[in-house]
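Working notes, structure below.
Bear in mind these aren't lab numbers, they're just calculated from the coordinates by the rules spelled out. Here the structure is a predicted model, which is why all the values come from computation and not from measurement. Reconstructed Cβ throughout: ideal geometry from the backbone, glycine too, with neighbour counts over all protein chains shown.
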Amino acid sequence: MERLSYDYIIVGAGLAGASAVAGIREIDSNGSILLLGSENRLPYDRPPLTKSLWSGRKGLPDIFIYNSKFYEKNGVELRLNSPAARLDLSAKLIYTEEGKIFSFGKLLLAAGGQPRRFIFSGNASSEVIWYRYLSDFEKLREKIGIQGRVAVIGGGFIGSELAASLCGYGAQVALLFTENHLCARVFPKELGAAVTEEYIRRGVYIMNNQRVNAISRDGNDIMIETSMGIVRADAVVAGFGIEPEVNMALYAGLKIDGGILVDNHLKTSHPDIYAAGDCANFPYDVLGKRVRMEHWDNALNQGTTAGRNMAGANETYLHMPYFFSDLFEFGYEAVGDINSANVTVADWKERYRAGIIYYLDSFSRVTGVMACGIYGRMEEGRELIRSGMRLDPQSAVFPLNLN
Ligand SMILES: Cc1cc2nc3c(=O)[nH]c(=O)nc-3n(C[C@H](O)[C@H](O)[C@H](O)COP(=O)(O)OP(=O)(O)OC[C@H]3O[C@@H](n4cnc5c(N)ncnc54)[C@H](O)[C@@H]3O)c2cc1C
């Protein structure tokens, strides 16, 4: 079988993979690059799938990270629809599902993750759209038509954003989740309750504290059975987070721990193999722990740094990624350890609409900052977290100025 050699192979044509191409080319203008993707699209941004593609603020052509000219100009061989299947560490080979074998000088694993799926009882569990890909957006849009009924399962990032956008799109939306209020893992209780109230006011049928028992088809309807009753819908969509894509690395013998383990240069346990984005578990030194993140800014910056390091830059990944979300008119940006189980202190300029929430660790140090309805404050948030400043939870004096 023919074997082709590349200086760099990137597995995963998503945000981290595309950013790695740019990173490599910042350092090495000539090395050969192969980018392998399992989808049949050029790398695209996922945030518009739950936001601007529904509002119409963006159309399909706007969501691609780079256009095809970028890959041509940079001499990248782009193989879409061509998933990598096996990695041989000792021979430094990648085998694809279509039966090709490629050898690499340096390899980047940037295959993201698969949506976490559950099997519900009932005869229509397979009709659930586990929302992650552009093809899911297209499938859902087609199923609901203009005013269709959609049951959204999951009150985290994907479910809550999608429910808001679908409502704005004109669909009839029921939102089912097990927690008491939306985004319970990140929002303090009072904010979560206020945001959930806003959904009700906007016409989303909220079914909180609900577990889905079964999903069945009844003629044209899909029936979602919960302890509160039955919801009939034209489409069911779910967002339960992801399972990181670690299998190929695991079978090859790389170190895995809830993600592909990398050091602070994004190098895996093999000296010529790197990992970046949603699949990578990296040391977040400022927080003093390892994390795996499912955030856009992290995939962008890790991809770039990994690409630069594969080409010899030898840089430490010190970036503190922020994340963002939009829920109707309520939007926020956040950085650090955003965990609602921590003590939080909120400084509201406009209650539950505009203000800053500080997340404290057990020593009352600020380890997370969420700016609600206020933009462009993430660098100050990062500095605050780096400083290790303590905040008295009873204090009415706040480190970031709201005016
Ligand atoms: C709907 C949605 C909305 C989001 N909104 C936000 C937001 O508002 N804010 C925010 O901060 N983050 C958001 N995110 C998260 C953000 O988009 C991700 O963190 C980011 O896309 C991760 O990039 P990645 O390149 O690591 O992985 P991915 O984007 O998953 O890219 C990996 C690519 O690799 C491919 N692949 C998988 N296996 C293989 C294989 N064996 N061989 C070859 N290719 C393979 C996959 O098909 C995929 O195309 C959102 C995510 C989703 C799904």
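Placing +1 on the Cβ of every Lys and Arg and -1 on the Cβ of every Asp and Glu, with nothing else charged, gives region 273-403 a dipole about its Cα centre of roughly 240 debye.
Based on the Cβ-Cβ distance of R117 and K289, what FRET efficiency does E = 1/(1 + (r/R0)^6) give at R0 = 35 Å, to the nearest 0.05? So the FRET efficiency works out to roughly 0.80. Please say if the chain is rounded, prolate or oblate, where rounded means a/c under 1.5 for a ≥ b ≥ c the square roots of the C-alpha gyration tensor eigenvalues, and otherwise the choice is prolate for a/b larger than b/c and oblate otherwise? Since a/c reaches 1.5 but b/c is at least a/b, the shape of the chain is classed as oblate.
Of the GluC sites (Glu not before Pro) found in region 1-93, those that fall in a DSSP loop while having at most 13 other beta-carbon atoms within 10 Å are E2. Placing pseudo-labels 7 Å out from each Cα toward the beta carbon at E329 and A341 gives an inter-label distance of 3.5 nm. Ordered by the number of other Cβ atoms lying within 10 Å of each residue's own Cβ, fewest first, E380, E161, E142 fall into the sequence E142, E380, E161. With a threshold of 24 Å on the Cα-Cα distance, the over-threshold entries among K189/K349; K58/K139; K106/K289 are K106/K289. Cα gyration tensor of region 54-141, axes a ≥ b ≥ c as square roots of the eigenvalues: rounded (a/c below 1.5), prolate (a/b > b/c) or oblate? Note, shape of region 54-141 comes out oblate. Packing here is the average count of other Cβ atoms within 10 Å per residue, and on that basis the peptides 12-24, 383-395, highest first, run 12-24, 383-395.
Kirkwood analysis of the Cα pair distances in region 157-223 returns a hydrodynamic radius of 12.8 Å.
Counting only Cβ charges, +1 for Lys and Arg and -1 for Asp and Glu, the dipole size of the chain around its Cα centre is about 160 debye.
Each Cα pair under 8 Å and six or more residues apart adds its sequence gap; the mean of these over the residue count of region 117-238 is a relative contact order of 33 percent. Among T367, T226, T178, the order by Cβ neighbours within 10 angstrom, fewest to most, reads T178, T226, T367. Please report the relative contact order for region 281-390, taking Cα pairs under 8 Å with a sequence separation of at least 6, and give it as a percent rounded to a whole number. Averaging sequence separation for qualifying contacts and normalising by length gives 20 percent for region 281-390.
Report the local net charge at G154: Lys and Arg +1, Asp and Glu -1, summed over other residues whose C-beta lies under 14 Å from its C-beta. For residues surrounding G154, the net value is +1.
What are the trypsin sites (Lys or Arg not before Pro) within region 218-316 that DSSP puts in a loop, where the Cβ has at most 15 other Cβ atoms within 10 Å? The qualifying sites are K255. For the chain, the relative contact order works out to 16 percent when only alpha carbon pairs closer than 8 Å and six or more residues apart are counted.
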